[in-house]
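Trainee: One structure, as structure tokens, below. Some questions next.
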Amino acid sequence: MTHKQLFLFLLLAFPGHFAIAEESMERITVESNETVPSLNKQLLDRDVIASSAATLTELIASLPSVQIRKIGGLGNPTAISIRGSTSQQVNLRIDGQLINTSQSGSFDLDQIPVSLIESIEVSQFQSDSTGPTPIGGEIRINTLKSDGPSRSAALTLGSFGLQEINIRQGINLDSHRFIASLNHLQSDNDYSYLVPQSYTDSQLSIDEPLRNNRFKKTTLFLADEFGSETSTIRINAQVNAQEKAQPNYQNNTPEMASILENNNYRLGLEHAWLHPIDDTELALNFDGYWFARNETYIDAPNASRNDEYQYDTEQVYLQLKAPWRYRSMQLLPYINLNLQSFESESLVNDQRPSCNGIQTCDVEATQALLNLGARLNWQPEKSSPGYGLLYNRLFAENSNGLKYQIDDKTLETEFDYGSAEFDVNYRIDRHRLSLHLAQGIRIPTLSELFGNRGAFKGNDALKAEESRSITLNAQSLWPQLSLQNSLYYQDVDNTIVAIFNSRGIGQYENVSASTIWGLSTSARYNVTPGLTVTANMDLLDSNTESRFFAFDNKQLPGVYHKQFQLRVSYDLDPNWQLSVTHNLDRDLYFDRANKISSHSHFNTERNTTGVSIAWQYAEYAASININNLFDTAYYDLANRPAEGRNIQLKFIIKEF
């Protein structure tokens, strides 16, 4: 039985027998990011998301302790860090489903258009609800919920050929609340770029519009929510088709025709059943999701070459929770199963490559993750401290087999790890204090365990990356001023790093450990009823330990160690708002040996200013975002000059 068949069987077999309490359904009321964030999370609500012309990555990057670095232009890879973590140490959940792929541990943050998002929650050093505690944190995206009969539309225009349109329709039919949304986004991504060796003259470096960097994506989203007083069911489906052309950054040749095509499909079921046993505070919750992604990479750097690489991923995620309340105590036991498969196909010069120990081999890989755990929340009295505890045990089985080979021996590994977190919260008048302890993990990916069965070898002895962290939070609220400070420490063991020998043969190894001290401070001051000043500061001090001299006693790579943000918002009148944001980012190291940084004369620092003007009247709204107003130069994730100033203009009709 395939993953899809298993999911459809459960979808049809159990629609009336599993549920959660309506109070614990994935219908979360969140604060606007215009308020002081909670001690453990930052939250963005639907109004803030819908009214902004910013992309999803830009919205999340505006939150404290979150860093996002990307390769210039839409559709390119993005690296996310929470309090100094790597991207693989951050979990992405959509409606509770863990999206990180088992093959690489990565995720596509922009697979959900902003127009389809109900709310966004970002947690640090903790799991949002259930499952393993991540080393960095979690980003949870809750998809759109129907708010009754309605029809809306939004149009965004921007620099470098950006065009986006979204149409949404909500319908009530008997007890059903339907919602449908269609979104299309495209961009030429032809920003000016300093080409190291111009195609017209290889001896010159010339600023040119980047060729073959276009991107387009079309997304269809459907959802239906229905039920009774004791049962609620929500079914949602999403289809996403996108194409991303791949430029030649070295010489910007017009012959470059490489492209990455990505089609993915997602089907979800959430079923809530309140009080399945009479006279108890017990509830049941069943969540099930099926996800499939088909990627095709056409490698066509010139007219004489056209190689094709196909990558298919399939995932089934099933979870059963039984929230139970007794007086001031809430217990949430759970079990979830995550089944993933990965398959690759390659054609080089119209032939399958030889699997000779050097070239990459086509493989079939699987991973089965079983999580057992429980979360306990307890506050004896309203004026007493509140306590929270989560323990999770993860069991994993992994396999990797060769395709089209006589010797198709399948490699297998299995392991299990525990993770936990503990909270104490206390409120004193206008002040809140909390202590958070966490033991997090990041298990090896399939590519790290098994390599590519070519020159990059596997290592089935890899251990999971493990962390221990402690966070002290303090929040104070006054009528005009709010302050929040977080002081934290974390140590990470068994960091997984790719190591190569002198012949170019490589494999992943647990080679280093690291420690981080951090301070995150946020302040908000209401100068007048219409004028607000917000300031954020994030400071990191990191150090690595490794048996490799080049990696020992260094700063962590890929993250800014000093970040400062100042934002001024002013309500010109009830319909107009102006905001100006300035960001200053310092001390970024591109490599583990710390050879590429601002200290070695590389332009790795960011000093950018953004301006946003928003207007709304009745059912109409519009906004304009100017990012990097002064066109400041800095390097992107790939250590190349980033795109400069860009402008986005958004129009919204809330009802028509």
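The values are calculated or read from the model by the stated rules, or taken from the named source; none is laboratory data. Values in this document were obtained by computation on a predicted structure and should not be read as measured data. Here Cβ is always computed from backbone atoms with ideal geometry, including for glycine, and neighbour counts include all displayed protein chains. The area values use the complete protein model at the heavy-atom level, side chains included, leaving out ligands, DNA and RNA. Shrake-Rupley method; radii C 1.70, N 1.55, O 1.52, S 1.80 Å.
Trainee: So, Ile171, is that one touching a His at 6+ places or on another chain (Cβ under 7 Å), open to solvent by 30 Å² or more (accessible area, probe 1.4 Å) and not basic (Lys, Arg) or not?
Mentor: No, not satisfied.
Trainee: Being in contact (Cβ under 8 Å) with a residue 12 or more places away in the chain, touching a Cys at 6+ places or on another chain (Cβ under 8 Å) and charged (D, E, K, R): is that true of Asp416 here?
Mentor: Criteria not met by Asp416.
Trainee: Taking Ile647 and the conditions (1) touching a helix residue (DSSP H, G or I) at 6+ places or on another chain (Cβ under 6 Å); (2) surrounded by 18 or more Cβ atoms within 10 Å (Cβ to Cβ); (3) modelled with pLDDT of 90 or more, which numbered condition does it fall short on, given that it satisfies the others?
Mentor: (2)
Trainee: All but one of (1) within 25 Å of Val533 (Cβ to Cβ); (2) within 23 Å of the chain's Cα centre (by Cα) hold for Val611; state the number of the condition that does not hold.
Mentor: Result: Val611 fails condition (2) only.
Trainee: Continuing with the same structure: Look at region 41-65 and say how many of its residues are at pLDDT below 70 and within 18 Å of the chain's Cα centre (by Cα).
Mentor: Qualifying residue count for the region: 1.
Trainee: Which condition number in (1) open to solvent by 30 Å² or more (accessible area, probe 1.4 Å); (2) at positive phi is the one that Gly148 fails?
Mentor: (1)
Listed here are the residues, each with its yes/no results for (1) under 30 Å from Gln246 (Cα atoms); (2) open to solvent by 50 Å² or more (accessible area, probe 1.4 Å); (3) among the aromatic types (Phe, Trp, Tyr).
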position	(1), (2), (3)
Ile141	yes, no, no
Ala153	no, no, no
Ser159	yes, no, no
Ile165	yes, yes, no
Phe178	no, yes, yes
Ser181	yes, no, no
Asp207	yes, yes, no
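Trainee: Restrict the check to region 609-619 and report whether at least one residue is among the β-branched types (Val, Ile, Thr), touching a residue at least 12 places away in the same chain (Cβ under 8 Å), touching an Asp or Glu at 6+ places or on another chain (Cβ under 9 Å) and open to solvent by less than 40 Å² (accessible area, probe 1.4 Å).
Mentor: No, every residue in region 609-619 fails to be among the β-branched types (Val, Ile, Thr), touching a residue at least 12 places away in the same chain (Cβ under 8 Å), touching an Asp or Glu at 6+ places or on another chain (Cβ under 9 Å) and open to solvent by less than 40 Å² (accessible area, probe 1.4 Å).
Trainee: When you scan region 160-228 for strands (runs of 3 or more DSSP E) that lie fully inside it, which ones turn up with 3 or more residues that are within 26 Å of the chain's Cα centre (by Cα)?
Mentor: Those strands (runs of 3 or more DSSP E) span 162-173, 176-187, 215-227.
Trainee: Please pick out the residue among Glu229, Glu308, Glu314, Glu243 that is open to solvent by 40 Å² or more (accessible area, probe 1.4 Å) and touching a helix residue (DSSP H, G or I) at 6+ places or on another chain (Cβ under 7 Å).
Mentor: Among Glu229, Glu308, Glu314, Glu243, only Glu314 is open to solvent by 40 Å² or more (accessible area, probe 1.4 Å) and touching a helix residue (DSSP H, G or I) at 6+ places or on another chain (Cβ under 7 Å).
Trainee: What about Arg586, is it among the basic types (Lys, Arg), modelled with pLDDT under 95, within 27 Å of the chain's Cα centre (by Cα) and surrounded by 18 or more Cβ atoms within 10 Å (Cβ to Cβ)?
Mentor: Spelling it out, it is not the case that Arg586 is among the basic types (Lys, Arg), modelled with pLDDT under 95, within 27 Å of the chain's Cα centre (by Cα) and surrounded by 18 or more Cβ atoms within 10 Å (Cβ to Cβ).
Trainee: Can you tell me which residues in region 188-205 are of a type in the set (Ser, Thr, Tyr), under 14 Å from Ala642 (Cα atoms) and open to solvent by less than 50 Å² (accessible area, probe 1.4 Å)?
Mentor: Hits for region 188-205 are Tyr191, Tyr193.
Trainee: Consider Arg393 against the criteria (1) over 20 Å from Leu437 (Cβ atoms); (2) open to solvent by 60 Å² or more (accessible area, probe 1.4 Å): it satisfies all of them except one. Which criterion is unmet?
Mentor: Unmet condition: (1).
Trainee: May I pose another question? Out of the residues in region 444-477 that are touching a Cys at 6+ places or on another chain (Cβ under 8 Å) and farther than 19 Å from Gln88 by Cα, which is least open to solvent (accessible area, probe 1.4 Å)?
Mentor: Here the answer is Gly454.
Trainee: So which residues in region 254-270 are over 21 Å from Leu185 (Cα atoms) and open to solvent by 10 Å² or more (accessible area, probe 1.4 Å), if there are any at all?
Mentor: Pro254, Glu255, Met256, Leu267 - these are the residues of region 254-270 that are over 21 Å from Leu185 (Cα atoms) and open to solvent by 10 Å² or more (accessible area, probe 1.4 Å).
Per-residue answers, yes or no, for (1) buried (at least 19 other Cβ atoms within 10 Å of the Cβ); (2) in contact (Cβ under 8 Å) with a residue 12 or more places away in the chain; (3) aliphatic (A, V, I, L, M):
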site	(1), (2), (3)
Gln238	yes, yes, no
Pro247	yes, yes, no
Ala300	no, yes, yes
Ser328	no, yes, no
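Trainee: Take region 351-365 and flag every residue that is open to solvent by less than 60 Å² (accessible area, probe 1.4 Å) and either closer than 29 Å to Gly131 by Cα or at pLDDT below 85 (or both).
Mentor: Once the filter is applied, which keeps residues that are open to solvent by less than 60 Å² (accessible area, probe 1.4 Å) and either closer than 29 Å to Gly131 by Cα or at pLDDT below 85 (or both), region 351-365 yields Pro353, Cys355, Gly357, Val363, Ala365.
Trainee: Can you name every residue in region 536-578 that is farther than 30 Å from Ala498 by Cβ and open to solvent by less than 40 Å² (accessible area, probe 1.4 Å)?
Mentor: Asn536, Gln565, Ser569
Trainee: Which one of these is open to solvent by less than 20 Å² (accessible area, probe 1.4 Å), closer than 30 Å to Ile259 by Cβ and either touching an Asp or Glu at 6+ places or on another chain (Cβ under 8 Å) or not hydrophobic (A, V, I, L, M, F, W, C) (or both): Thr101, Thr78?
Mentor: Being open to solvent by less than 20 Å² (accessible area, probe 1.4 Å), closer than 30 Å to Ile259 by Cβ and either touching an Asp or Glu at 6+ places or on another chain (Cβ under 8 Å) or not hydrophobic (A, V, I, L, M, F, W, C) (or both) holds for just one of Thr101, Thr78, which is Thr101.
Trainee: Can you tell me which residues in region 324-359 are in contact with a Phe, Trp or Tyr (Cβ under 8 Å, 6 or more places away or on another chain) and outside any strand (DSSP E or B)?
Mentor: Ser328, Arg352, Cys355
Trainee: Now for a separate question. Report whether or not Val114 is among the hydrophobic types (A, V, I, L, M, F, W, C), within 19 Å of Arg375 (Cβ to Cβ) and crowded, with 22+ Cβ neighbours inside 10 Å.
Mentor: Here the answer is no, as Val114 does not meet what is asked.
Trainee: Right, next: Which of (1) open to solvent by 50 Å² or more (accessible area, probe 1.4 Å); (2) among the hydrophobic types (A, V, I, L, M, F, W, C); (3) in a strand (DSSP E or B) is the odd one out, the single condition Ile441 does not satisfy?
Mentor: Condition (1) is where Ile441 drops out.
Trainee: Next question. Check Phe286 against each of (1) open to solvent by less than 50 Å² (accessible area, probe 1.4 Å); (2) of a type in the set (A, V, I, L, M, F, W, C); (3) out of contact with any His (no Cβ under 7 Å at 6 or more places or on another chain) and name the one condition it does not meet.
Mentor: With (1) open to solvent by less than 50 Å² (accessible area, probe 1.4 Å); (2) of a type in the set (A, V, I, L, M, F, W, C); (3) out of contact with any His (no Cβ under 7 Å at 6 or more places or on another chain) applied to Phe286, the lone miss is (3).
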